[in-house]
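The values are calculated or read from the model by the stated rules, or taken from the named source; none is laboratory data. Since the model is a prediction, treat every value here as computed from it, not as a measurement. Here the Cβ is made from the backbone with ideal geometry for all residues, glycine too, and neighbour counts use every protein chain on show. For the accessible areas, the whole protein counts, side chains as well, though only heavy atoms, and no ligand, DNA or RNA atoms are used. Shrake-Rupley method; radii C 1.70, N 1.55, O 1.52, S 1.80 Å.
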Amino acid sequence: MESEIVSVGPTVRGAYPNEYAEIGQLMVEVYSGLEGFPKPSERPRYYNLLANVGDLTAKPETELIVAVSSKGIILGAVVYFGDMQYYGSGGTATKEKDAAGFRLLAVSPLARRQGIGKLLVQACIDKARETNRQQVVIHTTKAMQTAWQMYEKSGFKRSEDLDFNQEGLEVFGFRLAL
């Protein structure tokens with residue numbers, strides 16, 4: 001009698017340095033493909049940040065988290081900040097105390113609608129809870145409606161005090177109380 005083959009879900013873990021370049025390429029692909037989001041020619045510094053996302057891990061309490069298929073394929077990634085002073089956004093978010101945050105969430109177009117983004121968000125929330133943070137702070141834009149809806153379903157609430165304008169792009173803040 002043949003044994004059944006059980007499909008294993010993705011693994012969420014810290015990214016390995018040898019994966020940073022591939023994750024950076026994924027982020028550039030995802031963000032440049034967003035309808036209504038600035039293109040690489042309009043925001044070269046931002047896209048350089050995406051391409052070199054692994055460099056952010058040099059900051060204290062900062063981790064690049066990845067979701068990987070059972071075959072080792074990178075399905076998505078996010079940058080977690082255990083200390084908001086390293087968050088690196090505009091506005092007032094970097095002054096938030098007793099808070100964690102995440103930025104630069106990207107899911108491969110081939111893995112969309114499979115819960116990868118939700119797994120990555122939950123990993124960040126879990127890390128914040130493990131370190132006794134009181135809240136998780138994030139930002140998104142109007143071009144990121146899928147993410148916006150996912151954040152709200154995960155319990156994040158709009159926080160207008162965290163909003164800012166980045167070179168003409170409106171950026172909207174959210175908080176999740178823990």
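Go through the range 64-89 residue by residue and tally those that are in a loop (DSSP other than H, G, I, E, B), closer than 23 Å to Glu29 by Cα, touching a residue at least 40 places away in the same chain (Cβ under 8 Å) and not polar (S, T, N, Q). Even if it seems obvious, please write down each step before you answer.
Within the range 64-89, the subset in a loop (DSSP other than H, G, I, E, B) is 69-73, 82-83, 87-89.
Narrowing further to those that are closer than 23 Å to Glu29 by Cα: 69-73, 87-89.
Next cut, touching a residue at least 40 places away in the same chain (Cβ under 8 Å) only: 69-70, 87, 89.
Checking the rest, the ones that are also not polar (S, T, N, Q) come to 87.
Count: 1.
Name every residue in the range 123-142 that is under 22 Å from Asp161 (Cβ atoms) and either surrounded by fewer than 17 Cβ atoms within 10 Å (Cβ to Cβ) or touching a residue at least 60 places away in the same chain (Cβ under 8 Å) (or both), in order of residue number.
Gln134, Thr141, Lys142
Got a sec? Which of Glu29, Glu35 is open to solvent by 10 Å² or more (accessible area, probe 1.4 Å), among the acidic types (Asp, Glu), in contact (Cβ under 8 Å) with a residue 40 or more places away in the chain and part of a loop (DSSP other than H, G, I, E, B)?
Details: Glu29 fails: part of a loop (DSSP other than H, G, I, E, B).
Sole residue among the options that is open to solvent by 10 Å² or more (accessible area, probe 1.4 Å), among the acidic types (Asp, Glu), in contact (Cβ under 8 Å) with a residue 40 or more places away in the chain and part of a loop (DSSP other than H, G, I, E, B): Glu35.
Given (1) touching a strand residue (DSSP E or B) at 6+ places or on another chain (Cβ under 7 Å); (2) within 24 Å of Ile125 (Cα to Cα); (3) surrounded by fewer than 20 Cβ atoms within 10 Å (Cβ to Cβ), where does Asp55 come up short, assuming only one miss?
All conditions pass for Asp55, except number (1).
Yes/no per residue for (1) at pLDDT 95 or above; (2) of a type outside the set (Lys, Arg); (3) open to solvent by less than 20 Å² (accessible area, probe 1.4 Å):
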position	(1), (2), (3)
Ala51	yes, yes, no
Lys71	no, no, no
Ile74	yes, yes, yes
Tyr80	yes, yes, yes
Tyr86	yes, yes, no
Arg112	no, no, no
Ile116	yes, yes, yes
